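Below: one structure, written as structure tokens.
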Amino acid sequence: MHIPDGLLDFKTWGTLYGVSGGATAYALYKVKDTLAEKKIPMLGITAAFIFAAQMLNFPVGAGVSGHFLGAMLACVMLGPWEGFLVMVVVLTVQCLIFADGGFAALGANIFNMALIAGPLCYFMFAISKSAMSRKFSERTSLLTSLAVFSWLSVVLASAAAALELTISNIIKLPFASIFSPVVGANMLIGIGEAAITVIVVTVVLQARPDLVNAYKGPPLRKLPVEEEGSLT
Amino acid sequence: MKTLFSKKHLALWMLAAAALTVVIALVVASPWASKSPDSLEKVTEKTGVANRSTAAPLKEYQVPGVAGKQASTRVSALLGVFITLAVALAIGALASWLGRRHRGANTLTPATAPADGRGPSDEA
């Protein structure tokens, strides 16, 4: 759902450039004290993975395709603002090197796919996870909340894009005739998003739970080093 | 090196190998992605408003000079992976540098990793 150039008016893309620019500065400020050197490779790997995964459009019926987004994956793996920065990198590279998403629309695309689908959905995810973890295990709470909010991240990002196109009123279509097909398709794409996100996080949780930033529970299986003394 | 290849790091290496395999598979599969328009293009293409696309070095995920559309897409995917990796590492280094500068005199104090205290801290 990268918005190309020519579909947004100045007040919309200008405002969203401001918001996204501010959010990027805030994210850099926010992560500077918590970003350990050893986390930097994970930042790079996550960004590269998301870039590669976004290339693979899959059909969602009726001659429409969609692709993985990855904002919630990045936020859960690295932390909300680290994840936001990863998405800013991916979207900026796509825009400047591949003309995927317009240059004027870059602020809007960052707003939709990095900020709304990233930290905003992550904070809702965090509330859901902590509410659930009173009754369920940390792992179940995390993965269930992740499925729901990674689905929602795609839907909300597409709804924001539909709203921006309506406000700009350059394509001169009423809100409903933009919103329904765009959000409808993304409700299906969101299922793929949730599946991929949950699978990746499940695999990493199984292998190295300490690499999943949002996971605060104990190791799911004892590391071999610890096993030596305490095999049950 | 001994710790790097210890049993403790086996999971990390397997994870790294899995990630690399998936990324290679995605690069190889990139030309087979659905060519259908995405939901936004589908809606806007009927309105007749031209999608002005920006000029960019690897426009439409094609590398100029690489023969064959599929090969061109794969090369562009591979280049994109490396460029994204490099830029993300640079942003990480920038944030880390900002943090070190912010902490001022305590340059040698490592950043407080959120992961600390809940897992092995000596990853590769």
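Data table
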item: Unmet criterion (only one of (1) in a loop (DSSP other than H, G, I, E, B); (2) more than 30 Å from B:Ser72 (Cβ to Cβ); (3) in contact (Cβ under 8 Å) with a residue 60 or more places away in the chain) for A:Asp100; result: (2)
item: Where a residue in the stretch B:25-46 is at the interface with another protein chain (Cβ under 8 Å from one of its Cβ atoms) and its partner, wherever it lies, is surrounded by fewer than 16 Cβ atoms within 10 Å (Cβ to Cβ), with Cβ under 6 Å and at least six apart; result: B:Ser34/A:Phe58; B:Ser34/A:Pro59; B:Ser36/A:Pro59; B:Ser36/A:Gly63
item: Residues located in the stretch A:49-59, provided they are more than 14 Å from the chain's Cα centre (by Cα) and either more than 7 Å from chain B (Cβ to nearest Cβ) or part of a helix (DSSP H, G or I) (or both); result: A:Ala52
item: Among residues of the stretch A:1-43, those that are in a helix (DSSP H, G or I) and facing chain B (nearest Cβ under 7 Å), counted; result: 7
item: Counted residues, the stretch A:201-228 - those being within 9 Å of chain B (Cβ to nearest Cβ), at pLDDT 65 or above and assigned to a helix (DSSP H, G or I); result: 7
item: Test: residue in the stretch A:69-90 that is out of contact with any Asp or Glu (no Cβ under 6 Å at 6 or more places or on another chain) and without any contact (Cβ under 8 Å) to a residue 24 or more places away in the chain; result: no
item: Qualifying positions in the stretch A:1-47 - crowded, with 18+ Cβ neighbours inside 10 Å and of a type in the set (S, T, N, Q); result: A:Thr12, A:Ser20, A:Thr24, A:Thr34, A:Thr46
item: Any hit, the stretch A:67-79, residues being more than 16 Å from A:Leu152 (Cα to Cα) and not in a helix (DSSP H, G or I); result: yes
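The values are calculated or read from the model by the stated rules, or taken from the named source; none is laboratory data. These numbers were taken from a predicted model, which means no experiment stands behind them. Every residue, glycine as well, gets a Cβ built from its backbone with ideal geometry; the counts of neighbours run over all protein chains shown.
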